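Reading through the structure tokens given below for one structure.
The values are calculated or read from the model by the stated rules, or taken from the named source; none is laboratory data. Model, not experiment: these values are computed from the prediction. Glycine also receives a Cβ, built like all others from the backbone with ideal geometry; neighbour counts cover every protein chain displayed. The protein model used for the area step is the full one, side chains on, heavy atoms only, and it has no ligands, DNA or RNA in it. Shrake-Rupley method; radii C 1.70, N 1.55, O 1.52, S 1.80 Å.
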Amino acid sequence: MGWLILSLLLALVLFWAVGAHNRLTRLRREVLRQWSTVDTIWLKWLMRLQGSLSARQILAWPSEADDLQALLEACESVVEALADARQQALDHPSLNKLLERHEVLMQCIDSVAQGMPDTLRPRLLSAQARILQNIPPALVPYHHAVESYNAALAQAPARWLARRLRLRPALALRLPARDAATP
């Protein structure tokens with residue numbers, strides 16, 4: 001009779017572990033799915049920014065071609081950071097690198113826009129504004145998915161299983177606030 005109770009108890013623990021693992025996996029998949037939406041939107045606006053900095057504009061503004069080239073390189077570095085974040089399954093270092101490169105890009109846009117002719121400045125500032133307007137709303141569903149996943153990892157019995165499976169909390173990506181006085 002004792003072995004029956006023990007085997008029922010073991011079966012109950014096994015079924016709980018499988019269910020908890022499936023729930024954590026489903027929540028992690030949702031975080032990754034929501035990130036893919038953010039990634040797509042970010043890439044779309046970066047490509048539009050790069051498109052607005054065409055070779056024709058560099059030729060029309062030859063005295064500052066180095067600044068525009070630096071801006072294109074800053075865009076490319078954000079694209080690379082997005083690719084790293086995608087490949088590294090959203091680990092903390094890759095997301096922090098993405099934030100750093102995003103901020104470098106925004107500062108580069110600000111500095112290049114200061115010296116641009118009035119004919120080109122509005123296009124660049126418009127592209128920057130669209131990036132800053134479209135990414136935060138896209139991050140909202142991602143943040144909800146991250147909160148659900150992290151809450152599930154923090155729950156008492158699942159926390160033990162998560163540690164055994166080496167599941168780490170997801171990082172909510174918070175873009176630095178930009179000063180409204182910044183062009």
Legend entry - Cα centre as origin, Lys/Arg/Asp/Glu Cβ charges: the chain dipole, Debye: 1120
Inset, instruction - Of the listed values [x] 1.35; [y] 1.19; [z] 1.44, grab the one calculated as Cα Rg over 2.2 N^0.38 Å from the structure here. - result: [z]
Legend entry - Crossing angle, helix 121-154 versus the chain [Cα axis fit, 0-90 degrees, rounded to tens]: 10
Inset, instruction - Output ³J(HN,Hα) for region 30-40: one whole-Hz value per residue in order, computed from phi by the Karplus curve 6.51 cos²θ - 1.76 cosθ + 1.60 with θ = phi - 60°, and x for Gly and Pro. - result: 5, 4, 5, 5, 5, 5, 4, 5, 4, 4, 5
Legend entry - the chain - percent relative contact order, Cα under 8 Å, separation 6 or more: 31
Legend entry - Rounded to whole Hz, the Karplus (6.51, -1.76, 1.60) HN-Hα couplings of region 10-23, x for glycine and proline: 5, 5, 4, 5, 5, 5, 4, 4, 5, x, 5, 4, 5, 5
Legend entry - Listed peptides 100-112, 18-30 by packing density, highest first (mean Cβ within 10 Å): 100-112, 18-30
Inset, instruction - Show that you can apply the helix-only estimate: for the chain, add -39,500 (n - 2.57) for every DSSP H stretch of four or more residues, divide by all residues, and state [θ] at 222 nm to the nearest 500. - result: -28500 deg cm²/dmol
Inset, instruction - On the protein heavy atoms, probe 1.4 angstrom, tell me the percent of accessible surface of the chain carried by carbon and sulfur. - result: 61
Inset, instruction - Would you be so kind as to identify which of Leu132, Gln107, Thr119 lies farthest towards the positive end of the dipole of the chain, taking Lys and Arg as +1 and Asp and Glu as -1 on Cβ and the Cα centre as origin? - result: Leu132
Inset, instruction - Starting from the amide H of Leu167, placed 1.01 Å from N in the peptide plane, find each other amide H under 5 Å away whose residue is 5 or more places distant or on another chain. - result: none
